[in-house]
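Please treat every number below as a calculation from the coordinates, not as lab data. Remember, predicted model here, so these are calculated numbers, not experimental data. FYI the Cβ positions are ideal-geometry reconstructions off the backbone, even for glycines, and counts take in every protein chain you see.
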Amino acid sequence: MILIQAPFLNLQALLDGLMVGSIFALVAYGMALVWGVMNIINVAQGEYVILGGYITFAVYKLGIHPIYGMPFSFLFLFILGYILYRIIVFRVVDKDMFISILATFGISIMIQQFMNMIFGSQVETALTGFGTIFLFDHNITLALVKVFSFVVSIIGAIAVIYFMKISKLGRAIRATAQNARAARILGVDTEKVYAYTYAINAGLCGLAGSLVAMTYTLHPYIGLPYTVRSFMIVIIAGLGNIPGVLASGLGLGALEEFSAYLIGQEFRIGFIFSLLVIILVYRSKKLAKKREYLK
Amino acid sequence: MTNILEVKNVSKFFGGVRANEDISLSIKQGSIVALIGPNGSGKTTLFNSIVGTHPIDTGSIKFEGKELSKMLVHEIPPLGLLRTFQQTKIYGQMSCMMNMKISKKVSNNYFKMFDTLPKELDDEAELILSFVGLYEKRNLRAGELSFGQQKLLELAMALMNEPKMLMLDEPTAGINPTLINGIINRLIKINEKYNITLFVIEHNMRVVMNLAEHIFCMAHGKMLADGKPEEIKNDKRVIDAYLGAH
Amino acid sequence: MKDKKEFTAIIAIIIAGIFLPSLMPVYRVQLSELWIFMVFASTWNIQGGKMGYNTFGNILFFGLGMYICASTQISYAFDLAEWTAAGGVKTFVHTVKQYFIGLPLGLLLAGIIPALIAGFLGSLILGLRGHYFAIGTLGIGIAAGEFATSVSIWGGGQGMTVPVWPKVDGQDLEILGGGMNFFYYLSFVLFIITFFVLRWLFSTRFGLILTAIRDNEDKAEAMGVPTMRYKVSGWVVSAFFMGIAGGIYGNINGYIEPTEVAFAGATFGVYMVLMTILGGKGTLWGPIIGALIFQVFKEFFWTFFLGWQLVALGFLIVIIVTFFPEGIMGWLRNNKPEWFGEVIDHKARLAQVKINTDD
């Protein structure tokens, strides 16, 4: 089998996978945050990522090096997330989850279309010019921009987790996630917490998107795969399991790269969505043995 | 008199928690039996174990000689065993009458799914609803009933399903104290007139003493004592379990 | 009151359906789409409305039906691979006999095969609940489109053309006024059949159990209902009608493309959800009203908001879902309960529980 006969191919896939997976993990962490705190599945997650990417791309188009786009992407999406929460999302927070799925889905469609109208439907990248290094006698290529993304993702994740532990807002968020009613009684402004949580998630997506723009490619319609990836990661790892989310993100990245080598890049998206179904069915069948079901 | 239900050495662990440990009991057909014990002693878990809500870790459960422990939840009511819930479960958006009509026992034939509900069902439903005192409220949405009224509806729905044995989880909890005598009366009537065996979890000692022919007492997941009401009332272990329980 | 209103509405629809294409021949395609949309919404309603299982995957059956019907129509007379390889350069024309054997056969298979698939897939997927089911079916819907892009016998990403309406002596065959009319009436008839089947279905025990599953699936199981059987059967019914709808739509559209036409998850897949919610999910007429309003609205947007349609769609979704989740039927139910035979009996609300111990 090709996997066994080509150790370098394996290593390449693994490295590429971990590096793209770190971005998935960042986005997944954001989704877990919103899901855990507000019980909302943000279907617009992927669109926030791509939009963040386009912001960085715009910076790049202005002649500035794209890494300076990162703070802009984060900030823009942070503010947008906050605004969208205050206008739309707050209305569906306490309703049936399907309502919030549809509402965020509506938002995702609108963002998709705006991106299409403003940036066009060709594939774009924000070139960093970081170059590549070659290892093992040119058998492994390591695009330095991917390494950069990996490092930034990890730092970003650690920063947010630290923020959650230390800061006042972070603690308010965690309290609200555990018991919103108790938090309210203790004086926490839960609406504010929700708004900032949603904004932080959007910001994280924006940052991730910035990395995507530099490392991979942008297109108005590739948001949904990011949403689905983060959803998969969260359900594999479980909502409260932060190290699990990060690990699963890396794992999914690796799995995707391997599958791309095996069955071809053109099946990547089909693979992701099929994997989602397979994981869900497998999980539910396993739980059914205990006469339970996925909640 | 045969044993309609036989529970032998049933254990159920949730991780490290021993919710049910080596529980054995048997219930004579046609009797009224109570299950008492302080909160957290594993009574509802035992109910869940019997009707298949979760699989059991050890032991056997036989209803009329048939082994229940490997069956799925929906396979058990057709055998004649039904349970009601501590936190009421009813079809909230549908009217009480609808709740009743769907609860009618039907054959397992695939094509029966497409039968229209017969008119006679209405009469039967109304009869049982009056029996439990809910006739006036029969057209209201079930979700609009109070907690206690929902308990009555659950009882009525269970009766609609022609059970041989009913397992009731705290049937008088949340019921207006003035109605409790009426409930006791109804339960005794169900048992006498329709020969339905009753297995009841109860915290209200007055109800237990007036209703039960036999009592099982659990504590800390184990079976503590069982016997006639007079024996249990004076059993030191039972008294300690309630007083000492936190 | 309710029955008379319903009767009037049904008659109105039948009359409209029969005569509209003669009154507005320009809009025949949109009218055909209208009936197809009503089938979309009505079948989605079985899962989403009545049963509370919101699916994004019903488009799977639509797309499958489309491809299966066209493939059957084509391979009845020609070689399918040759046809798709020719890529629309129409050198193949069916004879009248070939066409009118291939088409019904195709439509039949378009209904049956997706129904069988629903039976199989349902046994796996319908064990999922709530949002897991929703997102899982989303996965199916999109994966189907992606994989169809690589099925070369179906033309892969380029898609394939559908058989042309047969000609007699160089002129289009004049049954019912030609191809456009023919398929219009086919979609209308499909809707009418679907409507009456669902109307019957919802009046049986089946319909009530679906609602019970929505309200409290655990209770239904605890009362001995073999819920899986009902869930899967409902999906099979949806799949059957969606498949045939797909077969008809493929013929109307003239060509089949995997992600935009057949497995059009991003458009049709979303429309069916939106239309049902707009009209009022869980009711028989809700999806119909929703589909009507949606189609009219959509055509309006199309002509006036060129370029912004999808933004408007997204906006519409947000507005409907946030402010009108009960839909039009829900609004009607709250404001005119008499129309539904529901009487708000305040006496009943205030009544005390009375147990007669003399029985």
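If you take every DSSP beta bridge fully contained in the protein assembly as shown, what fraction is antiparallel? Give it as a percent rounded to 5.
65
Give me the tail of P(r) for the range A:209-295 as a percent: Cα-Cα pairs with distance above 16 Å.
61
Over chain C, with a Gaussian network built from C-alpha contacts below 10 Å, which listed residue (C:L107, C:L20, C:L278) shows the highest mean-square fluctuation?
C:L20
Counting only other residues whose beta carbon sits under 13 Å from that of A:M19, what net charge do I get with K and R as +1, D and E as -1?
-2
Provide the percentage of antiparallel DSSP beta bridges, counting only those with both residues in the range B:139-246; round to the nearest 5.
Roughly 50 percent of the DSSP beta bridges within the range B:139-246 come out antiparallel.
Could you state the angle between the C-alpha long axis of helix B:120-131 and the longest principal axis of the C-alpha atoms of chain B, as a value from 0 to 90 degrees rounded to the nearest 10?
Once rounded, the angle reads 50 degrees.
Out of every Cα-Cα pair in the range C:2-350, what percent are more than 35 Å apart?
Summing the P(r) of the range C:2-350 above 35 Å gives 24 percent of all pairs.
Which residue fluctuates the most in chain A, going by a Gaussian network model with Cα springs under 10 Å, if the choices are A:T215, A:T197, A:T132?
A:T132
Cα axis of helix C:2-23 to longest principal axis of chain C: angle in degrees, 0 to 90, nearest 10?
Taking the Cα atoms of chain C, the angle to C:2-23 is about 20 degrees.
Take each complete run of DSSP H in chain A, measure how far its Cα atoms stretch along the helix's own axis, and keep only those covering 18 Å or more with mean Kyte-Doolittle hydropathy at least -0.5; list them.
In chain A, the long hydrophobic H runs are A:7-38, A:45-61, A:69-87, A:97-119, A:144-166, A:190-215, A:223-237, A:242-263, A:268-289.
Please report Rg (one decimal) and Dmax (integer) in Å for the Cα set of chain A.
So, for chain A, Rg and Dmax equal 19.2, 63 Å respectively.
Let me have the relative contact order for the range B:3-244, percent, based on Cα pairs under 8 Å that are six or more residues apart.
27
Please give the helix C:59-77 orientation as an angle from the longest Cα principal axis of chain C, in degrees from 0 to 90, rounded to the nearest 10.
30
Based on alpha-carbon positions alone, could you give the equivalent ellipsoid semi-axes of the range B:90-142 from the gyration tensor, as √(5λ), descending, whole Å?
Working from the Cα gyration tensor, I get semi-axes of 22, 12, 9 Å.
What residues qualify as long-range amide H neighbours of B:A219, i.e. H under 5 Å apart, gap of 5 or more or another chain, H built at 1.01 Å from N?
The list, which skips near neighbours in sequence, is B:L224.
With springs only between Cα atoms under 10 Å, which of C:G330, C:G52, C:G307 fluctuates most in a Gaussian network model of chain C?
Of C:G330, C:G52, C:G307, the Gaussian network model singles out C:G307 as fluctuating most.
Which three semi-axes in whole Å describe the equivalent ellipsoid of the protein assembly as shown, each the square root of 5 times a Cα gyration tensor eigenvalue, listed largest first?
51, 38, 26
Can you divide the C-alpha Rg of chain B by 2.2 N^0.38 Å and report the result to two decimal places?
Normalised Rg, Cα atoms only: 1.01.
Provide the net charge surrounding C:P258, with neighbours chosen by a C-beta distance below 15 Å and charges set as Lys +1, Arg +1, Asp -1, Glu -1.
Once positives and negatives cancel, what remains is -4.
Under 8 Å for C-alpha pairs, at least 6 residues apart: give me the relative contact order for chain A, rounded to a whole percent.
38
Rounded to the nearest 5, what % of the DSSP beta bridges within chain B are antiparallel ones?
Around 55 percent antiparallel, to the nearest 5.
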